[in-house]
1. For region 8-74, just say rounded, prolate or oblate: build the C-alpha gyration tensor, square-root its eigenvalues into a ≥ b ≥ c, call rounded for a/c under 1.5, and beyond that prolate if a/b exceeds b/c, oblate if not.
2. Taking +1 at the Cβ of each Lys and Arg and -1 at the Cβ of each Asp and Glu, which of Asn128, Val32, Asn67 sits farthest along the dipole of region 3-240 towards its positive end, judged by Cα position relative to the Cα centre?
3. With +1 on the Cβ of every Lys and Arg and -1 on the Cβ of every Asp and Glu, and nothing else charged, how large is the dipole of the chain about its Cα centre, in debye rounded to the nearest 20?
4. Hey, what angle do you get for helix 188-198 against the long axis of the chain, alpha-carbon based, 0 to 90 degrees rounded to 10?
5. Run the numbers on the chain and let me know its relative contact order in percent, using alpha-carbon pairs under 8 Å that are six or more apart.
6. As a check on your grasp of the helix formula, calculate [θ] at 222 nm for the chain: sum -39500 (n - 2.57) over DSSP H runs of n ≥ 4, divide by the residue count, round to the nearest 500.
7. Using the 10 angstrom Cβ neighbour count as an exposure proxy, how do Tyr154, Tyr82, Tyr227 rank, fewest first?
8. Where Rh is the Kirkwood radius over the Cα pairs of the chain, the temperature 37 °C and the viscosity 0.692 mPa s, what D in µm²/s does Stokes-Einstein return?
Amino acid sequence: MSSFTESAFTALQLIVTPDPTLLAIVARSLAVSATACAMACALGLLLGAWLGVARFAGRTVWLAVLNTFLAIPSVVVGLVVYLLLSRSGPLGFLGWLFSFQAMVLAQSLLVLPVVMALTRQVVEDAENSHGEQLRSLGAGPLVRSLLLAWDERYALLTVVIASFGRAISEVGAVMIVGGNIDGFTRVMTTAIALETSKGDLPLALGLGLVLLGVVLLLNGLITALRYWREQTEGGALRVATVGAAP
């Protein structure tokens, strides 16, 4: 039996058993990413929706900056958060460095531009289609952004799911600010990197399979939401057409 086959078989055993160490790492990863995603979405959905309808001087520049942050490496975000939370940094008094809170903060800052940019695009497309009608009814930018965001709620749910996938799959930021401390700040991506370097391939492969399963589940949810949206909108359109028929 090859080393890969042996590692894969042991990894499956760790998942099926399940192994307490693997479970603890997976649970911590989900907790960090879910908290970070919730914080980023709470702010990013509102700001993105507002950017989708607002028109002001310098908007193009702000959008260019926002789109630039979409491609920012996670290690750069980790470095910035590290400098902020270090003992000599402006937020050093919090004592968050190498903690759960530091990882949440880093992932939140990493995911926030993604949520804002995608939300802005969704709402701006809706504004181009329905904004004129809302403006004729006297709706201001804030009201329009909220109404259009609600109308595009299925698409925004897809944004939320995609942002969670971005958070849980990153490694650089949490490695820098979390320190990859066993039992405290070790998450799936950092554990995979560490266990691979140590030669503990079964645990690394088991965590990789779980992470792959999470990503596949997220993609399945996105596909299901798109299908649900198409069916819902299609059904509403058919009802409206039948009702309008003589």
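1. It is prolate, given that a/c is not under 1.5 and a/b is the larger ratio.
2. The one lying farthest along the dipole's positive direction is Asn128.
3. On the way: 14 positive and 14 negative charges, 105 e Å.
Magnitude of the dipole: close to 500 debye.
4. Once rounded, one gets 30 degrees.
5. Working: 281 pairs, mean separation 74.1, N = 246.
Once divided by the residue count of the chain, the mean separation gives 30 percent.
6. Dividing the helical sum by the residues of the chain leaves -27500 deg cm²/dmol.
7. On the way: Tyr154 15, Tyr82 19, Tyr227 10.
If I rank by nearby Cβ atoms, fewest first, I get Tyr227, Tyr154, Tyr82.
8. Answer from the Stokes-Einstein relation: 162 µm²/s.
Coordinate-derived values only; no laboratory data. Here the structure is a predicted model, which is why all the values come from computation and not from measurement. Every residue, glycine as well, gets a Cβ built from its backbone with ideal geometry; the counts of neighbours run over all protein chains shown.
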